[in-house]
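**Student:** Have a look at the structure that comes next, please.
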Amino acid sequence: FASVPRLWEAIYEGAMKAIEKKGGLVPHLLRFATKGSAMVRKGNPLGYPGHWLGKALFYKKVQAALGGRMLFSVSGGGYLPPHIDAFFSDAGLKLLIGYGLTETSPVIAVRDPVENTLGTIGRPVDETEVKVGPDGTFLVRGPQVMRGYYTETELTKAVLSEDGWLDTGD
């Protein structure tokens, strides 16, 4: 399913509050697990004990709370903090981060379920070109890019070149 980053933040915050509420060793075990998972993501095999502990005690519960069968979800419409992205990845839930604008109907790029690199927005969707403009902003051209703002000729000229490149302002 598709959602906004705030949903994932709320789920994460709820899980963290529930764990803190349990008290005792539980919050410490979660910190050990997430540190282990981070090590595994970076290729360090010494993190496996913590990661396995996380899978046994925490990550399966997160999956179950989300229905237990979700393969991936698309998140867009805003910035997803890296620690939230990593937490759900460690829990075995792929968040496919997308990037786009209303002017691009709305997708420019999205992460792929097979090549789901954390900290990225993925690759441009089919038939979409991207480049960095002379002033360092992100430019995009493709069939999803608007033709212009309705009755706003000057505003259109400010963001859309004659050859179809939209200056995203990002």
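**Student:** Conditions: (1) modelled with pLDDT of 95 or more; (2) surrounded by 10 or more Cβ atoms within 10 Å (Cβ to Cβ). Glu127 meets all but one. Number of the miss?
**Tutor:** Tallying (1) modelled with pLDDT of 95 or more; (2) surrounded by 10 or more Cβ atoms within 10 Å (Cβ to Cβ), Glu127 fails exactly one: (2).
**Student:** Mind checking which residues of the stretch 116-143 are in a loop (DSSP other than H, G, I, E, B) and over 21 Å from the mean Cα position of the chain (by Cα)? Lay out the reasoning, then the answer.
**Tutor:** Pass one, the stretch 116-143, residues in a loop (DSSP other than H, G, I, E, B): 116-122, 125-128, 133-137, 142-143.
Passing the criteria: Glu127, Gly133, Pro134, Asp135, Gly136, Gly142, Pro143.
**Student:** For the stretch 130-170: of the residues being touching a strand residue (DSSP E or B) at 6+ places or on another chain (Cβ under 9 Å) and among the acidic types (Asp, Glu), which is most open to solvent (accessible area, probe 1.4 Å)?
**Tutor:** Looking only at the stretch 130-170, we keep the residues that are touching a strand residue (DSSP E or B) at 6+ places or on another chain (Cβ under 9 Å), and these are 130-133, 135, 137-142, 145-149, 158-161, 163-170.
With among the acidic types (Asp, Glu) added as a condition, the list becomes 135, 163, 167, 170.
On the way: Asp135: 112, Asp163: 90, Asp167: 45, Asp170: 92 Å².
Among those that are touching a strand residue (DSSP E or B) at 6+ places or on another chain (Cβ under 9 Å) and among the acidic types (Asp, Glu), it is Asp135.
**Student:** Still on this model: Take the residues in the stretch 151-166 that are over 30 Å from the mean Cα position of the chain (by Cα) and not in a helix (DSSP H, G or I), then tell me which one is nearest to Val140 (Cα to Cα). Break it down into steps so the answer makes sense when it comes.
**Tutor:** Of the residues in the stretch 151-166, the ones over 30 Å from the mean Cα position of the chain (by Cα) are 151-155, 157, 162-163.
Still in the list and also not in a helix (DSSP H, G or I): 151-152, 162-163.
Details: Thr151: 22, Glu152: 20, Glu162: 13, Asp163: 11 Å.
Once the filter is applied, the top-ranked residue is Asp163.
**Student:** Taking the conditions exactly as written (open to solvent by 60 Å² or more (accessible area, probe 1.4 Å), part of a helix (DSSP H, G or I) and either in contact with a Gly (Cβ under 6 Å, 6 or more places away or on another chain) or at pLDDT 95 or above (or both)), does Leu30 satisfy them or not?
**Tutor:** Values: open to solvent by 60 Å² or more (accessible area, probe 1.4 Å): no; part of a helix (DSSP H, G or I): yes; either in contact with a Gly (Cβ under 6 Å, 6 or more places away or on another chain) or at pLDDT 95 or above (or both): yes.
So Leu30 fails the test.
**Student:** While we're looking at this one, here's another question. Here's a check for you: in the stretch 79-102, which residue that is part of a helix (DSSP H, G or I) and open to solvent by 30 Å² or more (accessible area, probe 1.4 Å) is farthest from Pro124 (Cα to Cα)?
**Tutor:** Going through the stretch 79-102, the residues part of a helix (DSSP H, G or I) turn out to be 82-90, 102.
Now restrict to residues that are open to solvent by 30 Å² or more (accessible area, probe 1.4 Å): 82-83, 89, 102.
On the way: Pro82: 20, His83: 24, Ser89: 21, Thr102: 16 Å.
Among residues in the stretch 79-102 that are part of a helix (DSSP H, G or I) and open to solvent by 30 Å² or more (accessible area, probe 1.4 Å), the one farthest from Pro124 (Cα to Cα) is His83.
**Student:** For the stretch 41-78, what are the residues that are assigned to a strand (DSSP E or B) and open to solvent by less than 60 Å² (accessible area, probe 1.4 Å)?
**Tutor:** If we filter the stretch 41-78 for residues that are assigned to a strand (DSSP E or B), which is where we start, we get 72-75.
Of everything in the stretch 41-78, those that are assigned to a strand (DSSP E or B) and open to solvent by less than 60 Å² (accessible area, probe 1.4 Å) turn out to be Ser73, Val74, Ser75.
The values are calculated or read from the model by the stated rules, or taken from the named source; none is laboratory data. All figures in this text were calculated on a predicted structure; none of them were measured in a lab. Reconstructed Cβ throughout: ideal geometry from the backbone, glycine too, with neighbour counts over all protein chains shown. To get the accessible areas, we keep the full protein, side chains included, count just its heavy atoms, and leave off ligands, DNA and RNA. Shrake-Rupley method; radii C 1.70, N 1.55, O 1.52, S 1.80 Å.
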